[in-house]
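First comes the structure, then the notes that go with it.
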Amino acid sequence: MRNLKQYLLAFLALTVLSACTSIAGTDAPKVNDLNEAEEKKETMMSIDPIDNSYEKKDGIDVIYLAGGCFWGLEKLMQSIPGVIDVVSGYANGSADIEPNYNIVISGTTGYRETVRVAYNPDEVSLDALLFAYFHVIDPTIRNAQGNDRGTQYQTGVYYPDEASGEIVTRIAALEAERADKFEVEIEPLERFYDAEEYHQDYLDKNPMGYCHISPSEMTAASEMIVDPGDYPLPSDEEISAMLNDLQFEVTQNAGTEPPFRNEYYENHAPGIYVDVVTGEPLFSSNEKFESGTGWPSFTAPIDENTVRMIEDRSHGMRRIEVRSRAGNSHLGHVFYNDAASPTGTRFCINSAALRFIAYEDMVNEGYGYLMDYVLP
């Protein structure tokens, strides 16, 4: 019998290495004779796989994200301002296996296709990276994303230290509230190996290559204006204390206030509208229009990353609910092909979910960076 290294070299000669994924219904290539591989594990070189070149003392933080095929997730993270370096690799598999692509696709190693994201926390928060990550994955399924099937495509967030773990746990809990079920692994990082060179920057080298993340999602991430790390979610006790009964019913219980009898539907002053719970900026007076519905209506948010769209089948209707990103506050609903809207899109939002910041108060309130989005 050939040893494992010889076997893999022979396998590589027979395998087309340009595919990161197996299309649904098509089996991925597999390494045969896994029993032999199991017997040979102890002969593999033992190394420290984790790259420690990025340390907090250097002003750079790191997070590890698994979200299906690493090509697309690598490109997404590279597009976010403040991200310094992204490397595709394999995380948290069996300690006695040194992974490579052709072993990992067997689905028996426990390794996940993962990207190591190094970022400057002074320029972008871990909150922002995590929300961008959760926005492009389906957190409700195991061992699959897009057309990819197999344990190597299991989603996961692997944190390198306690401080980042606390943030990951907080954001994951919020995202779990938005999902019917939550299958994303949230674990400490155990080990990470860089993937082969041909996997690195794959979509730059192959612009037409497979990607389960849409171009519009890539663009949205690259154009992020508002960092959610600046607007953390208060505790349940703090939310209860800060909101009146109507605000609580609307934001926390998905209630609806009466039309025409609410604070902002007739407000025409220049300024911005923020989440009443977190203060995260949502809408500008520039995008507000009179819809005739009796609720504040907007054509678009200031930053599309700040809202989340969720299917809503309550009350015998099929609608799209709008929630805030950082606060998960129920805001209202969005409607398309709306005759009253200048663009055809109407965000119908409850006044009780909002706080208005007048243009002249934006600097003092900490929103001066958004003044260009509000023309008095």
Checklist outcome for this item: A careful count of residues in the stretch 338-376 that are among the acidic types (Asp, Glu) and under 20 Å from residue 230 (Cβ atoms) gives 3
Checklist entry - Tally time: how many residues in the stretch 145-163 are under 16 Å from the mean Cα position of the chain (by Cα) and not aromatic (Phe, Trp, Tyr)? => result 6
Item to check | Those helices (runs of 4 or more DSSP H) lying entirely in the stretch 165-266 with at least 2 residues farther than 21 Å from residue 84 by Cβ and either touching a Leu at 6+ places or on another chain (Cβ under 6 Å) or of a type in the set (Asp, Glu) (or both) | outcome: 236-242, 245-253
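Yes/no per residue for (1) in contact with a strand residue (DSSP E or B) (Cβ under 9 Å, 6 or more places away or on another chain); (2) within 23 Å of residue 97 (Cα to Cα); (3) modelled with pLDDT of 95 or more; (4) acidic (Asp, Glu):
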position	(1), (2), (3), (4)
139	no, no, yes, no
147	no, no, no, no
169	yes, no, yes, no
188	yes, yes, yes, no
208	no, no, no, no
213	no, no, no, no
Checklist outcome for this item: Taking the stretch 205-215 and keeping only residues that are surrounded by fewer than 19 Cβ atoms within 10 Å (Cβ to Cβ) and either outside the structural domain of residue 78 (by TED's automatic domain parsing) or under 21 Å from the mean Cα position of the chain (by Cα) (or both), one is left with 210, 214, 215
Checklist outcome for this item: Within the stretch 222-242, of all residues that are of a type in the set (A, V, I, L, M, F, W, C) and either outside the structural domain of residue 275 (by TED's automatic domain parsing) or in contact with an Asp or Glu (Cβ under 9 Å, 6 or more places away or on another chain) (or both), the one surrounded by the most Cβ atoms within 10 Å (Cβ to Cβ) is 226
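The values are calculated or read from the model by the stated rules, or taken from the named source; none is laboratory data. Every value quoted in this text rests on a predicted model; they were computed, and no experiment measured them. Note that we place each Cβ from the backbone using ideal geometry, even for glycine, and neighbour counts take in every protein chain shown.
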